[in-house]
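Please see the structure below; I have some questions.
The values are calculated or read from the model by the stated rules, or taken from the named source; none is laboratory data. Just so you know, these numbers come straight off a predicted model, no measurement behind them. No Cβ is skipped: glycine too gets one built from the backbone with ideal geometry, and neighbour counts run over all protein chains shown. For the accessible areas, the whole protein counts, side chains as well, though only heavy atoms, and no ligand, DNA or RNA atoms are used. Shrake-Rupley method; radii C 1.70, N 1.55, O 1.52, S 1.80 Å.
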Amino acid sequence: MTASPSPRQLLDDIGLSLVFFTRLRLPSSDFGGRNLAEAIWAAPFAGLAAAVIGALVSAIATGLGLAAGPAAALTLAATMFATGCLHEDGLSDIADGFGGGRTREKKLEIMRDSRIGAYGAATLGISLLIRWSALSELAGPGHVFLALLAAHASSRGLFGAFMRLLPPARADGLSANAGSVSAETAIVGAALGAVALLALGLGGAIAALILLGLLFAAFRALCLSQIGGQTGDTIGALQQLAEIAVLLVASVSLSP
């Protein structure tokens, strides 16, 4: 992100983030030569798109008279479809790699394997169960939207800082090829994510912010100890863990 980005650059970065982090497609794929590292500040906008899609499905399901459980399941499925399960894939790969590999090299090798193992399957199952149960506790589509907005935008706001503060664990791959993230870009992304937390109310936002800070620090230390840095899979896993954390706070702060 430059010191004085033009309106066109801002729109290009938002468009690139939407196309990269969701299944949405825009009329133009020309983003002015911007790369992912430059545009990563705009990742919370991809979270906003996923939240809107999930909230619309929640409203339709509730309007049709579905109970809270099935409505929450459809809402969760909609957000996963909107993102193509991009981050769920990263979470399962990290669980398999960190859980099944004995050495750094073996962990990275397992993470690149397209097959899912027991650790990955179990972790995905637990993730889905927690997110579904949290959404099931919310009273109506309005609260569901607020929870999804906070969870999806804030979790993606961590991407730039994570890429900035950890070196790539591989010389190739998605994260290594994305480029270097500037301090300004990381700060802007984190700030946008923090603003989204206000959807939980001031108390909920403060609680979520503290929880995300602790989670970020712990997961950063884990990645450094396990593989010496970050990959695209670790970024996806961070998003999933942060989304879970914020939804848990939402189930308390937005509960009737």
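Over the chain, what percent of the accessible surface lies on carbon and sulfur atoms, probe 1.4 Å? If you can, show how the numbers build up before the last one.
On the way: 7650 of 11260 Å².
C and S fraction of accessible area: 68 percent.
For the chain, modelled as a GNM with alpha-carbon contacts under 10 angstrom, which of LEU209, LEU148, LEU16 fluctuates the most?
Sorting by GNM fluctuation, first place goes to LEU209.
Let's test the formula: R0 of 30 Å, r as the Cβ-Cβ distance of VAL52 and ALA171. What FRET efficiency results, to the nearest 0.05?
On the way: r = 38 Å, r/R0 = 1.26.
The pair VAL52/ALA171 has a calculated efficiency of 0.20.
Calculate, for the chain, the solvent-accessible area per residue in square angstrom, rolling a 1.4 angstrom probe over the heavy atoms of the protein chains.
44 Å²
Report the Cα centroid-to-centroid distance between the stretch 20-44 and the stretch 184-235 in angstrom, as an integer.
The distance from the Cα centre of the stretch 20-44 to that of the stretch 184-235 comes to 21 Å.
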